1. Test of the criteria: in the stretch 136-191, which GluC sites (Glu not before Pro) are in a DSSP loop and have at most 11 other Cβ atoms within 10 angstrom of their Cβ?
2. Near the amide H of A301, under 5 Å away, which other amide H atoms are found, from residues 5 or more places off or on another chain, if H is placed in the peptide plane?
3. Can you tell me how the stretch 98-357 classifies by the Cα gyration tensor, rounded, prolate or oblate, using a/c under 1.5 as the rounded cut?
4. Using Cα pairs under 8 angstrom and six or more residues apart, how large is the relative contact order of the chain, in percent?
5. Taking 0.36 nm per residue of separation and subtracting the Cα-Cα distance, what length does fully extending K428 through D222 add?
6. State whether the chain is rounded, prolate or oblate according to the following rule on the C-alpha gyration tensor (a ≥ b ≥ c being the square roots of its eigenvalues): a/c under 1.5 gives rounded; otherwise a/b larger than b/c gives prolate, and the remaining case gives oblate.
7. Would you mind checking which residues have amide H under 5 Å from I202's amide H? H placed 1.01 Å from N; only 5 or more apart, or other chain.
8. Mean residue ellipticity at 222 nm from the helices of the chain, using -39,500 (n - 2.57) per DSSP H segment of n ≥ 4 over the full residue count, to the nearest 500 deg cm²/dmol?
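Bear in mind these aren't lab numbers, they're just calculated from the coordinates by the rules spelled out. Everything numeric here is computed off the predicted structure, so don't read it as measured data. FYI the Cβ positions are ideal-geometry reconstructions off the backbone, even for glycines, and counts take in every protein chain you see.
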Amino acid sequence: MNDPQRMHKHDAATVALREKIFQYTRERMEMDPPLDRSATYKELRAIMPDTVTEAGIGGDTALDLFTEILAPACMSIDFPGQVSFIPTAPSEASILFDLVVSASSVFGGSWLEGAGAVYAENEVLTFLAREAGMPTGAGGVFVQGGTVGNLSALVAARQEAMRKREEAGLSRPVRWRVAASEEAHSSVAHAARVMDIDVIKIPVGADGRLYGQVIEETLAGDWDGIFAIVATGGTTNFGIVDDIASVVEVGRAHDVWVHVDGAYGVAAMLAPSTKKHFAGLGDVDSFIVDPHKWLYAPFDACALIYRNPAIGRAAHTQHASYLDVLTDTTEWNPSDFAVHLSRRARGLPLWFSMATHGVTAYRDAIESNNQLAQRIAQVIRESDHLELVRDPMLSVVVFRRKGWTQEQYVAWGDKMFDEQIAACFSSKYRDEPVFRFAIVNPLTTFEILMDLVERLKES
Ligand SMILES: *Cc1c(COP(=O)(O)O)cnc(C)c1O
């Protein structure tokens, strides 16, 4: 057997590799990222040698394969002309600190092991809760993403509903159910599948928003088993924020948990022009917002916040003899608030960047995204070849190219991608093709979008 410690030693080879990795990281951070493209499995298989072997291929070779073959087969989601998917455009400070988190071996699941990191993460969670208008004491945890955040919140909501029913001497309902708008994100339906519960779809108004009154009308007095209402704080498709205040009113009237899925949009509560859309957010029972979407942090992080964290803790604390040293405490254990145990202190990159730049820098960046959306929407309104599908509420602009068939939409999107000009694929709304500008990257400029508007004139 060779030296079993050889992977963990600071020998000359490791030091050289470290420098090479730092060099690569530096270059990636300094360059204007190429859009790059995807690749099929076959294409990669044809050019990639076997890499996971008994003897290893060596760090130099592995890094070369990554830089020359693998990385170019990954789309740069921070490319300024990437407006199809909600971009991730991490701030420089947040990227740098992600490296620090990686190098630090912090267990972010418990206070005992990660007190300092958890303290800093909680500073951010407290700030977000306060900004939303929640009372002191609100808090939660950074989880992997919005999907896990929504699931964890709904599990807590059901647990609380169960507790209340037991307390009232009631048995379980025939089916547990949640009410959500028909525009709710797919992760809500997925959480329902995982939990084996039903989603009652509530129609939205002509403006795309969910209203409390419509929930009342749709359920028509049949609230048995309904334990939560999910409102969306910025739909992924259109950036539409539901009427949270009226949803809260209905939730209160029926003693039902209100959760706001704000994975993409709740960040806009920080910006002056869009703050007003989030009236009522301070009164909900839980909400989520993804730093990797519109808070300029790297993948992957979702802030999950409970108005009353004790309910989250009651639902999620794992019990085992080897964990008692961690859970028999009143300290803040992040693992107690969601469906997870071991965790990366994934809120630290956002904390560091916020601490570095101040909240105002965030407000300014988000506001600039909003303003760009309004500005390009106006251009589209006034153009002859395009048609706005609806006025943007946040920073997603959806529009049609007049006179184009579905095939032309697809062909144009593919062409822009093939030519590495933009990722602006055709999307669908009510079975009709549309284009979408999802603007959350401060480096996405008016000029970039104008160029696309001009190119859409070509037939
Ligand atoms: C993106 C998104 C999600 C899912 O979040 P992930 O972090 O991708 O799991 C949920 N809800 C909404 C509204 C979203 O935009």
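1. Details: sites: E160, E166, E167, E182, E183; in loops: E182, E183.
Passing sites in the stretch 136-191 are E182.
2. H292
3. In terms of gyration-tensor shape, oblate.
4. Values: 819 pairs, mean separation 94.3, N = 459.
For the chain, the relative contact order is 21 percent.
5. Difference between extended and current length: 70.8 nm.
6. Values: a/c = 1.79, a/b = 1.08, b/c = 1.66.
Because a/c hits 1.5 or more and a/b fails to exceed b/c, the chain counts as oblate.
7. Answer set, sorted by chain and number: A180, S181, E182.
8. Numbers: 16 runs with 191 residues, N = 459.
Here the helix-only value at 222 nm equals -13000 deg cm²/dmol.
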